Amino acid sequence: MIVIVAPNTRLRVQTKPIKKTTSALLNTLKEMIKLTQTFKDPEGVGLASTQIGLEESFFVAKMIDQDGKEEFKAFINPQILSLGKRAKKYFEGCLSIPKYFGDVNRSLIAKVTYQDENGQAHTKTIKGVNAWIFQHEMDHLNGVLFVDKVLQQHGKMYKFTGKDKAGTDIFEVEGSL
């Protein structure tokens, strides 16, 4: 399993709902989590089905629970039911667009629905980083990349060019889109 990189057209697929949770799907979800965890700098926090060339509606993402514990979770047939009005600008990147980052405004609160790997349906209100990651991964399932959001919001793009002697990331401004 590998992460597909832009401009591969498979990243633009509109996904289809999963009809049944199978052992093959469960294995794919486990492999996606393992693959995402291999990305350390920058850290991988989510991976959508389209990023591995599949057309079904699911993703994995690192979520923070009420106790502050981080854990990868599977989201099958996810949907955003509503978004809060308050938004925050996030410095966003993507495993499918290596070395590029941009400023993206995302809602701080999202009411979502999804099925877990046991087929159990959930409807929740998620906040902060969890809401941000969920929105980013949902965009993938709809064929939208974060660079599209940067363009739509007239934001700035940045290219990672390396690290300085102290180990601090260095970015070049690619300009406003």
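Rule-based calculations on the coordinates, nothing more; no lab input. What you see is a predicted model, and the numbers here were worked out from it, not measured in a lab. All Cβ positions, even for glycine, are placed from backbone atoms using ideal geometry, and neighbour counts span all protein chains on display.
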Problem - Selection from Ile33, Leu11, Ile109, by position along the positive dipole direction of the stretch 1-150 (Cβ) - result: Ile109
Problem - Listed residues Gly44, Gly143, Gly68, most fluctuating in the chain (Gaussian network, C-alpha, under 10 Å) - result: Gly68
Completion exercise
Whole-Hz Karplus couplings 3J(HN,Hα) for the stretch 32-40, θ = phi - 60° and coefficients 6.51, -1.76, 1.60, Gly and Pro as x, run 5, 5, 4, 4, 4, 5, 6, 7, 10
Exercise for the section: Output the peptides 24-37, 50-63 sorted from most to least packed, where packing is the average of other Cβ atoms within 10 Å over each peptide's residues. Expected result: 50-63, 24-37
Handout entry: Label assignment, percent of Cα pairs over 26 Å apart derived from the structure, set (i) 44; (ii) 28; (iii) 34
Key = (ii)
Problem - Volume of the Cα convex hull of the stretch 90-177, divided per residue and given in Å³ - result: 118 Å³
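Ranked highest first by average number of other Cβ atoms within 10 Å, how do 94-105, 76-87 line up?
Final packing ranking: 94-105, 76-87.
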Problem - Within the stretch 111-177, trypsin sites (Lys or Arg not before Pro) in DSSP loop having at most 16 other beta-carbon neighbours inside 10 Å - result: Lys165
Fill in the blank from the handout: The answer for Phe72, listing residues at least 5 apart or on another chain whose modeled amide H is closer than 5 Å to its amide H, is Met63
Practice task
Report the full-extension gain for the segment Asn142 to Ile64: residue separation times 0.36 nm, less the Cα-Cα distance, to one decimal in nm.
Solution key: 25.7 nm
Handout entry: Proximal lysines to Lys69, defined as alpha-carbon separation beneath 16 angstrom and excluding residues fewer than eight positions away on the same chain
Key = Lys127
Practice task
Could you work out how far helix 128-141 tilts from the main Cα principal axis of the chain, as a 0 to 90 degree angle to the nearest 10?
Solution key: 80 degrees
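Kindly provide the helix-only [θ] at 222 nm of the chain, computed as the sum of -39,500 (n - 2.57) over DSSP H runs of four or more divided by all residues, to the nearest 500 deg cm²/dmol? Can you show the working numbers first?
Details: 3 runs with 36 residues, N = 177.
Per the formula, -6500 deg cm²/dmol.
Using +1 on the beta carbon of Lys and Arg, -1 on that of Asp and Glu, and nothing else charged, what's the dipole of the chain about the Cα centre, debye to 20? Walk me through the numbers on the way to the answer.
Details: 25 positive and 20 negative charges, 75 e Å.
Dipole magnitude for the chain comes out near 360 debye.
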Exercise for the section: Quick one: dipole size for the stretch 1-88, taken about the Cα centre, charges +1 on Lys/Arg Cβ and -1 on Asp/Glu Cβ, in debye to the nearest 20. Expected result: 340 debye
Problem - Amide H contacts of Tyr90 (H built 1.01 Å from N, under 5 Å, at least 5 apart or other chain) - result: Val104, Asn105, Arg106
Practice task
Can you list which of the GluC sites (Glu not before Pro) found in the stretch 108-177 are DSSP loop residues with at most 16 other C-beta atoms within 10 Å?
Solution key: Glu117
